[in-house]
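Here's the structure we're looking at; comments come further down.
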Amino acid sequence: MLEGVDALDAYVSRFLAHLGVLVVLPPLVLVVVLPRDWISGLVLLVTAPVIPLFMILLGLGAEKLNRRQWLRLLRLSGRLLDGLQRLTTLRLLNAGDREAERLAEAAEDYRKSTMAVLRVAFLSTLALEFFATVGIALVAVLIGFRLLDGALGFEAAFFVLLLAPEFYAPLRQLGLDYHARMEALAAAERILDLHAEPPGPAGEERPVLGADITIECESVSFAWEPDRPALRDFSLRLVPGEIVALVGPSGAGKSTLLSLLLGLLRPQSGRVLANGHDLATLDPAHWLGHVAVVPQRPHMFEGSVLDNIRLADPDAGLDRVRAAAGLAAADGFIAALPRGYDTALGEHGETLSGGQVQRLALARAFLKEKAGVLLLDEGTAGLDRGTEASVADAIRRLAAGRATLIVTHRLATVRLADRVVFLEEGRIVEQGPRAALEADDGRFARLLSDAGLAP
Ligand SMILES: Nc1ncnc2c1ncn2[C@@H]1O[C@H](COP(=O)(O)OP(=O)(O)OP(=O)(O)O)[C@@H](O)[C@H]1O
Ligand SMILES: [Mg+2]
């Protein structure tokens, strides 16, 4: 992005500025030259348009090159960032050299496409310089002949000859800056993508939700890749006060469903409704304001424990943060940190254990007291049994009056649920009241007994 902004800088401060000069200077020269020597004026007038014409022709071909170069740069930076962030993993797998090779390949790709772009840029500059020089030469030769004939006075000839290079100068400059323009256009496309309006009806009055929320999935289908649906024809109703547990093997589509409920993904067919309003018509910020969520891989940011919990509600005072942390069984370990709630967590919360991060994420959810929807993706993973029991208690309290969906592999947490939905390969294969399913001899009961958790 930074490279892109730099490219825009050259475009705005050079190309656009010179475009301004181009509009003023050559016409001015023409106005002065024409009355003194109309033949030279005519030569200028005829040769001038050749240069922009040529530039436009070049631009058509170079545009594709520039776009490709940007993609390569993005790929290279992505690769580098990925490698740096996963440096420990790469070391552990002894894959440092292989990764370095792949990085080198990406860099080589980028070098080649840079050279291709530069080749076009230099060639076009050369050609433009050539046309400009030919123009000046033409004026000079014609003036020379007429000087010999005595058809033109020396004063006028000298004057026109001095002005001719000035006439072409802005055109040549524009040619030099032209690749700055092409680079900038390729960069601007990416930058504007970032600004793209989120999908949804703009300008229209958006629905406003009340405190109680009922979510309905109406035959929702979603595929990350064509022909490999992660969710097929999925229907589910979440009502306030009911806890639904979503269980199923890894890769069944549980986290995908949560992303759909959060409105981060849009169903490819079917609808997700909140109180009867399609999520697509809601303002995303308004919707997320109603949802307390503990994601599967919670993220902590550089900053203090307090800041990190308070992300869920920036206005919360320390007492409310403490209460939320208490409910999430996090206050104990926070108190034991060197500076308590002011302890800095470091990048990615690297100073905490996995279970501690989970509990801070849970505290965030508890801080969102007003949210009518609670979504937990293995919110109790990484906890020991004692802690899990107290957290489960807290979740039960938090879920009161809310539409709650708990995704879990840990079947102890399933005990909280009123209803269980068993998902496999994106389809519901079993669902019903938990007690009934436990008693049944179906998939869920087998899962429980496999885990040694049979009632
Ligand atoms: N960002 C993504 N891009 C492409 N495919 C994805 C992406 N996320 C998930 N998938 C695919 O979608 C399917 C469902 O994944 P999902 O994460 O929803 O499973 P899950 O039920 O949450 O599994 P787990 O219990 O292991 O968390 C999987 O086949 C997975 O490969
Ligand atoms: Mg998941």
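For the reader, a short list of remarks on this structure follows.
- A dipole drawn for the chain from +1 and -1 charges on Cβ atoms has a positive end, and of Ala394, Ala436, Thr88 the residue lying farthest that way is Thr88.
- The alpha carbon gyration tensor of segment 262-397 gives principal lengths a ≥ b ≥ c with a/c of 1.5 or higher and a/b greater than b/c, which makes the shape prolate.
- Inter-probe distance in nm under a simple model that places probes 7 Å from Cα toward Cβ, at Ser219 and Arg75: 4.0
- Backbone N atoms of segment 293-337 closer than 14 Å to the 7 Å Cα→Cβ label point of Lys370 belong to residues 312-317.
- Cut-off of 10 Å, at most 13 other beta carbons, DSSP loop: longest stretch of the chain lacking such GluC sites (Glu not before Pro): 1-203
- FRET efficiency for the pair Glu350 and Ala107, taken as 1/(1 + (r/R0)^6) with r the Cβ-Cβ distance and R0 = 41 Å, rounds to 0.90.
- Built amide H within the under 5 Å cut-off of Ala245, gap 5+: Ile406, Asp418, Arg419, Val420, Val421
- Site-free segments of the chain were taken between trypsin sites (Lys or Arg not before Pro) in DSSP loops having at most 12 other Cβ atoms within 10 Å, sites themselves excluded; the longest one is 1-338.
- Placing a label point 7 Å from the Cα of Ala389 along the Cα-to-Cβ direction, the residues of segment 286-328 whose backbone N falls under 18 Å from that point are 327-328.
- Backbone amide hydrogens, once placed in the peptide plane, bring Leu345 within less than 5 Å of Gly303, Ser304, Val305, excluding anything fewer than 5 places away on its chain.
- Size of charge dipole - the chain - debye, nearest 20, with Cβ of Lys, Arg +1 and Asp, Glu -1, no other charges: 380
- Placing a label point 7 Å from the Cα of Leu194 along the Cα-to-Cβ direction, the residues of segment 1-27 whose backbone N falls under 16 Å from that point are 1-10.
- A simple spin-label model places the labels of Asn275 and Asp227 4.4 nm from each other, with each point 7 Å out along Cα-to-Cβ.
No lab work stands behind these numbers, since they all come straight from the coordinates. What you are looking at is a predicted structure, and each value in this text was computed from that prediction instead of being measured. With ideal geometry, Cβ positions are generated from the backbone for all residues, glycine too; neighbour counts draw on all protein chains shown.
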